[in-house]
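To keep things clear, I will list the structure first and then write my remarks on it.
The values are calculated or read from the model by the stated rules, or taken from the named source; none is laboratory data. On a predicted model such as this, the values are computed, not experimentally measured, just so you know. Counting neighbours? That spans all protein chains shown, and the Cβs are built from the backbone with ideal geometry, glycine included.
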Amino acid sequence: MVNTQTILRALQAGEFSLEEAKSQLINHQSDHHREAIAIVGMSGRYPEADNLDAYWSNLVAGRDSIREIPPSRWDVASYYQPYPSEEGKIYSKWLGMMDDVACFDPLFFHISPSEAETMDPQQRLFLQEAYQAFADAGYTPEALNNQQCGVYLGIMANEYYRMLCEQQYGLTDLTGNYASIASARIAYFLNLKGPALSIDTACSSSLVAINLACQALLNREIDMALAGGVTLYLTPKPYIEMCAAQMLSSEGRCKAFDRSSDGMVPGEGVGAVVLKRLLDAEADNDSIYGVIIGFGINQDGKTNGLTAPSVKSQMALERSIYQKFDIDPSTISYAEMHGTGTQLGDPIELKALSTAFQEKTDKKQFCAIGSVKSNIGHTSAAAGVASVHKVLLCMQHQQLVPTLHFKEPNEHFDFKNSPFYVNTQTRPWDAVSPRRACVSSFGFSGTNAHLVIEAYDAKKERARRPVTDAGRPALFVLSAKTEKQLKGYADIMKEWMALQADVNLKDMTYTLQTGREAMDYRLAFWVDGKRAVLDMLTAYLNGEHPDGLHISHVKKRKGQRNPSRHTDPETLLSRWLAGDSVDWQVLYQGEEPRRIRLPGYPFAKEHYWLPEQSGPIPSTRTLHPLVHRNTSDLSTQRFTTILTGKERYLTDHRVKEKRMLPGSAYLEMARAAFEMGVDRATARTVQEGTASICLQEHIWMEPLTVEDEPVEVHIALVLKEDGAVEYDIYSGADHPDDQTVITHAQGVMKVSASTPPKSQDLQGLQSQYPWHTLLPKHIYPPFRAAGLYYGPSHRGIECLYLYQDQILAKLAIPPELRGDRDCYLDPGLMDAVFQATAGFAIALKAPLDGLPFTLQAIDIYQPCSNTVWAHIRQRERGHVFDIDVYDENGVVCMRMLGFETRNATDLMSEEAFYRHLSERIWKGELSEEEVERILMASR
């Protein structure tokens, strides 16, 4: 084989003249250039990183994203023993865990919610990241339609299917749980005509996927490829198996290359890259993150054991790649190793790569090495693509990032006399151009993968004809599937724009015009600079409509929309707003704008998980989602509910990681039990709306948590002489007078013939004051930091408007995340009403530890709609509120008076309870009978 070394030796021996050698080298470089593969798009999610920008921020900061497995994932406490001797126990309880793995946007991909619920979440996650990767490359579904584009996905186990089977859930659609479908989903959605392959070689799966994609591109079997991997850890089973094999770290730290390394830590991730032949990518004016200049895979064959790694096979693979692609290892200045942090695997990997390097160079400690597993854990089938993403980001930022937990070198490898040193700090990536890195992955299946990536030539990047911001303004366009997603997208773009020190305006607007799918909800405006973009987006997000801001909703039409051939910019804009396809190139005559990397689409985060189980309830049908059975006897009118801990209002409502029944649920339990307990005539007046239910003197006593075992909760009703009904909600005993009873809430109910208040002019109320706005991104992180976790069915706040002692809150829970339609007061939506009262504290950055304590009265006029508005007024005592709740038309659903919160710690305090009671007695708010009732219940 003729390579660079052969040509130079021939020149040295006098076999070539200098001119002949130059010609040979040029021809050889041209051949090499044709064999290279360009990475033109990428997207990924990893622990504590919802996108690659966050991933880079964590890497450059040296952040360890390993955490203890929370109860929301599975119950670690039932399995954990630090030094297990019992079968089925684990000694490692840590995970690099992704957030919101239950969330998905099914309607975006034309998938029904019922199908989404039974789909392996790994399929759902990869489908979204695959779409994002193509968008990042600047390719719309229209551009990809019918293309010879292959999909290569690394994917291993499907724990979700096992969970479904354990619930004995009758599956109606099994396609969501076949690995073969996981890679085919995006091909089906975009009408891609290349092969769609799901690959399982264990930990090397995604790097093998990238290798197979590169090979198919060089063989011209396809013209584009999407390659990546995905892994989730959802159950204790893999932990039990890996602990039995002594594979996991007992400290929960992946200490790659370190003397004290004691095993790996599982991690989760999903990522994808878009690949093209380099010459094609340059011809198509693609943005190029890096270039794969060498790659290969092989198999260990027979070793000391089926899962034992082979130093000979790894060495042979690396040697063959460097020879085949004429790569001098001395030009590689960084190696992203498999680096699992095991005493056996690390030295084998180091010895193999060191030998392959030392066969070509005598240089010592010139190549930095690292392992991203020290940051996020071993992401298994996604490990290879996570490493590739790390390398590409390092190239983009020209920095090397630290490998964590490295203190003393592994004694089984001589670093001082090797080409390598472990990089433990963030520093500039100083290297002779071009920067080169190698990436390795080795599966316990025995399949090894290795590739070499080179930074794209900056000179070629600069050689493209520049597009200046001078001249006429640029047209900013943005679209989304729904109005809510368009708002979210605009907010993301605003934040991104604010962080950019230097961005080419026309490159940005060109990317939005040609590299993003045009959806039904659209906005557009002309801009001449960064400030103008920020001002327009701010106005839109604040509900303002300044001159020049165009908003449209494209209605569905029959047939194909005609492409607009107009060249006038304003006409193009109006046709685009109307829903026509337009040729944006007419705005750039004589210019070559570039598609650049911009934030991805904000998919809706709707919760789709295991179908809820109502617990061991004898009846085939419950009376109400929160009131299951009538368990009355001759002495007591009583209703009973069994809580298993799997209900959404428990899994999505946790205080200090404990599943706690939200205070809102007690109100609906009392209301529903009361309606079932009254006579038919009274119930009919309530249902017809001619009368309303009023709850008074409601007190939240002892919080109810559900841990390992189901809990029986009872609602007891006692009719008083004045026709009112006292209610007690309790657990721990069958009768409220039992000494072991735990009273959780109590109050008084009656039917009221009062008419609802007049409707509210919501728009008028909005325009009445200069409100200060808080969005979910300002609200829920402080809650989480305070130990208050709200899952999707309890994240109902869309926006809070604050003015002095008032809050106007827009609240919504998607129908699929709500309780049954029989719920007048949906626990998640009502909890959002209570959450909204914390707006004052959030605005002041005050502590957030308040839980519902008392409610003077609540009049319930009608069921709450999917979207409601709450008008909150703060009393002089800062933690007491009056609240009106309206539907979208301003019709009153309910009115609350005297809703009071208390510190979560004080809520448990007997002293605080009696102090509060004495205050109310002193103010004359309670009668003697009411005081007696409260004291009796609190015994």
Has segment 801-812 got any residue that is among the charged types (D, E, K, R) and touching a helix residue (DSSP H, G or I) at 6+ places or on another chain (Cβ under 6 Å)? no
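Residue check: is residue 706 under 17 Å from residue 653 (Cβ atoms) and either in the same structural domain as residue 653 (by TED's automatic domain parsing) or aliphatic (A, V, I, L, M) (or both)?
Yes: the conditions hold for residue 706.
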Checked against (1) buried (at least 24 other Cβ atoms within 10 Å of the Cβ); (2) free of Cβ contacts under 8 Å to residues at least 60 places away in the same chain; (3) not hydrophobic (A, V, I, L, M, F, W, C), residue 349 satisfies every condition except (2)
Just one of 781, 770 is under 18 Å from the mean Cα position of the chain (by Cα), in the same structural domain as residue 843 (by TED's automatic domain parsing) and within 16 Å of residue 839 (Cβ to Cβ); which is it? 781
Taking into account only those residues within segment 219-251 that are more than 13 Å from residue 93 (Cβ to Cβ) and polar (S, T, N, Q), which is nearest to the chain's Cα centre (by Cα)? 231
Within segment 138-192, considering only helices (runs of 4 or more DSSP H) that don't extend past its boundaries, which have at least 1 residues that are at pLDDT below 90, of a type in the set (Lys, Arg) and farther than 30 Å from residue 511 by Cα? 159-166
3 or more residues at pLDDT below 95: qualifying helices (runs of 4 or more DSSP H) within segment 1-114: 4-12, 18-35
Could you give every pair whose Cβ atoms fall below 6 Å, whose first residue belongs to segment 94-110 and is assigned by TED's automatic domain parsing to the domain that holds residue 66, and whose second residue is assigned to a helix (DSSP H, G or I) and surrounded by fewer than 20 Cβ atoms within 10 Å (Cβ to Cβ), counting only separations of at least 6 or pairs across chains? 106/113; 109/189
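So that you can scan it fast, the table gives a plain yes or no per residue for (1) part of a helix (DSSP H, G or I); (2) of a type outside the set (D, E, K, R):
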position: 374; (1), (2): yes, yes
position: 388; (1), (2): yes, yes
position: 402; (1), (2): no, yes
position: 405; (1), (2): no, yes
position: 412; (1), (2): no, yes
position: 416; (1), (2): no, no
position: 421; (1), (2): no, yes
position: 431; (1), (2): no, yes
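Do you know which of the residues in segment 637-684 that are among the β-branched types (Val, Ile, Thr) and in a loop (DSSP other than H, G, I, E, B) is modelled with the highest pLDDT?
Looking at the filtered set, the residue picked out is 644.
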List every residue pair whose Cβ atoms lie under 7 Å apart, where the two residues are 6 or more positions apart in sequence or sit on different chains, the first residue falls within segment 41-54 and is without any contact (Cβ under 8 Å) to a residue 24 or more places away in the chain, and the second residue, located anywhere, is among the aromatic types (Phe, Trp, Tyr) and assigned to a strand (DSSP E or B). none
Strands (runs of 3 or more DSSP E) within segment 704-772 that include 2 or more residues in contact with a Cys (Cβ under 7 Å, 6 or more places away or on another chain): 742-752
By residue number, the members of segment 29-88 that are in contact with a Gly (Cβ under 6 Å, 6 or more places away or on another chain) and closer than 24 Å to residue 245 by Cβ are 47, 66
